[in-house]
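The values are calculated or read from the model by the stated rules, or taken from the named source; none is laboratory data. Only a predicted model underlies this, so the values are computations on that prediction, with no experimental measurement involved. Cβ atoms come from the backbone with ideal geometry, glycine included; neighbour counts cover every protein chain shown. Side chains are part of the model used for accessible areas, which takes the heavy atoms of the whole protein and leaves out ligands, DNA and RNA. Shrake-Rupley method; radii C 1.70, N 1.55, O 1.52, S 1.80 Å.
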Amino acid sequence: MLFSVEPKATIRDLYDREIELNELRNSVLRGDRLIAVYGIRRIGKTSLVRAFLSDLSQPYVLIDVRQIYFVEGNVNVSSLVRHVLDGFRKFMRKGERLWEGFKDALRGISWVRVSAGGVEIKLSRKSRANLIELLNAVDEWCGRNSTRFILVFDEAQYMRFSNIRYDGVLAWAYDNLSNVTFIVTGSEVGVLRNFLRIDDPKAPLYGRHVREIYVDRFSRETSINFLRRGFTELGIEVNDGELNEVYEKLDGIVGWLTLYGYLRGIEKLSHREALDKVFNDGVKLVLSELDAVIKPSRARYLAILNAVARGLNTWSEIRRYVEVRTGEISDTVFNKLIRNLVRYGYLSKVNNTYAIPDPVVAKAVTEVHIG
Ligand SMILES: Nc1ncnc2c1ncn2[C@@H]1O[C@H](COP(=O)(O)OP(=O)(O)OP(=O)(O)O)[C@@H](O)[C@H]1O
Ligand SMILES: [Mg+2]
């Protein structure tokens with residue numbers, strides 16, 4: 001169903017995204033080793049990648065790194081390895097012959113126990129070695145079976161909260177594993193790029209070829225067709241004026257469009273109620289997500305966002321507004337704060353003009369008390 005609110009998991013449920021799917025397919029076919037999928041929150045990164053995987057003939061594992069971080073408070077290597085093994089286990093349950101051989105490959109690793117039921121970790125020795133050893137076994141097994149392994153780290157920027165440096169591990173894998181493709185996604189685009197240190201000449205991944213795919217908002221036409229198709233699926237008639245208003249208010253962000261469709265189509269709210277509820281619930285959601293990012297300097301961050309939401313969009317206009325609201329601020333501090341908001345995706349910067357890329361975020365920051 002088009003309006004189900006979980007990330008989509010099949011091509012059938014995924015609306016559009018043909019270009020991005022083809023880029024992913026070609027990239028894997030070519031044997032690219034590292035693919036980065038970027039896009040603001042709720043733009044459909046997870047859905048795109050999951051749908052892509054569901055159609056793949058090669059083996060894969062998807063790790064929800066944000067989830068691990070929020071459940072465990074960090075993304076230590078032992079838990080990451082455990083999640084990768086969990087992913088294998090799921091595949092093995094399918095009982096394909098291919099996987100029988102894979103069990104044998106894992107038997108070679110001293111800290112993995114392989115039984116009829118599946119695989120488990122016996123003990124964790126030196127953590128860094130664990131992941132590399134595991135990836136090596138996977139790579140060799142793929143080589144023997146003429147296949148590629150696709151390992152996805154969804155919201156990979158959370159990997160920075162770990163006991164080891166994964167950028168080094170990824171760079172090592174990039175150099176040494178010819179049969180593994182890594183896909184990393186990130187809604188905090190600048191944070192992910194920083195974490196991978198793609199642009200840092202001294203960093204291990206610098207100069208390596210990273211295929212970068214940007215997931216963008218739907219155009220007006222695509223948004224309206226998406227909504228129309230979702231309502232048709234549910235046998236509900238809607239008028240074009242309403243759909244146009246939804247597009248104008250929610251600006252082609254598929255996550256919000258889906259929520260609107262769900263509220264109207266499944267929960268049977270009216271057009272107006274559904275649209276209001278997207279904003280009301282969305283504002284709460286956005287503020288809880290934003291909280292973690294702005295905590296160190298809450299009032300100033302909020303003042304910056306508030307300025308932009310009010311239409312002030314140049315560096316000096318925003319800076320003046322922030323000083324009026326929260327007192328004197330040095331250029332250095334102001335630059336750091338505004339840069340962070342861009343890195344986290346709460347602001348976009350085009351031609352030295354700042355904007356808030358999500359209308360629900362814009363509403364949220366005008367409603368909250370800066371104080
Ligand atoms: N192409 C699509 N067709 C239909 N529904 C979609 C599509 N892309 C995303 N959705 C819906 O939009 C919502 C957000 O999608 P998803 O979770 O994949 O986005 P995301 O970019 O991974 O978000 P986040 O940044 O929160 O992880 C979900 O309800 C999902 O079902
Ligand atoms: Mg996601």
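Points worth noting:
- Under-20-angstrom lysine pairs by C-alpha in the range 263-371, whenever the two are 8 or more apart or on separate chains: 8
- Selection of trypsin sites (Lys or Arg not before Pro), the range 74-104, meeting DSSP coil and at most 12 other Cβ within 10 Å: Lys94
- Scattering curve values for the range 293-367, log₁₀ I(q)/I(0), Debye with Cα scatterers, q = 0.24 Å⁻¹: -1.16
- Mean ellipticity per residue at 222 nm, deg cm²/dmol - from DSSP H runs of n ≥ 4 across the chain, formula -39500 (n - 2.57): -17000 deg cm²/dmol
- Multiplying the residue separation of Arg272 and Ser330 by 0.36 nm and removing their Cα-Cα distance gives an extension gain of 16.5 nm.
- Put Tyr214, Tyr158, Tyr206, Tyr60 in order of accessible area, highest first, and with a 1.4 Å probe you get Tyr214, Tyr206, Tyr60, Tyr158.
- Global geometry of the chain, whether rounded, prolate or oblate, following the gyration tensor of its Cα atoms and the 1.5 cut on a/c: oblate
- Dipole check for the range 293-367: with +1 at the C-beta of Lys and Arg, -1 at the C-beta of Asp and Glu, and the Cα centre as origin, the magnitude is about 160 Debye.
- Comparing mean-square fluctuations of Phe161, Phe70, Phe334 from a GNM of the chain with C-alpha springs under 10 Å, the top value falls on Phe70.
- Folded to 0 to 90 degrees: helix 127-144 orientation relative to the chain principal axis, Cα: 70 degrees
- Placing pseudo-labels 7 Å out from each Cα toward the beta carbon at Glu367 and Trp315 gives an inter-label distance of 3.3 nm.
- Taking all C-alpha pairs of the range 220-288, those more than 18 Å from each other amount to 28 percent.
- Burial ranking of peptide ranges 338-349, 248-259, 277-288 (average Cβ count within 10 Å, highest at the top): 248-259, 338-349, 277-288
- When nucleic acids and ligands are ignored and a 1.4 Å probe is applied, Ser115 ends up with an accessible area of around 50 Å².
- Largest first, the residues Arg197, Arg17, Arg310 sort by 1.4 Å accessible area into Arg310, Arg197, Arg17.
- Accessible carbon and sulfur surface of the range 18-214 relative to its total accessible area, %, 1.4 Å: 45 percent
- Bridgeable aspartates and glutamates around Lys103 (alpha carbons under 14 Å apart, same-chain partners fewer than 8 residues away excluded): Asp86, Glu120, Asp139, Glu140.
- Relative frequency of Cα-Cα separations exceeding 32 Å in the range 18-214, percent: 10 percent
- Length-normalised contact order of the chain in % [C-alpha pairs under 8 Å, at least 6 apart]: 19 percent
- Taking all Cα pairs closer than 8 Å and separated by 6 or more residues, the relative contact order of the range 1-85 comes to 33 percent.
- The range 264-371: relative contact order in percent, alpha carbon pairs under 8 Å with at least 6 residues between: 34 percent
- Beta bridges from DSSP with both residues in the chain: antiparallel share about 25 percent, rounded to the nearest 5.
- Burial ranking of peptide ranges 138-146, 167-175 (average Cβ count within 10 Å, highest at the top): 167-175, 138-146
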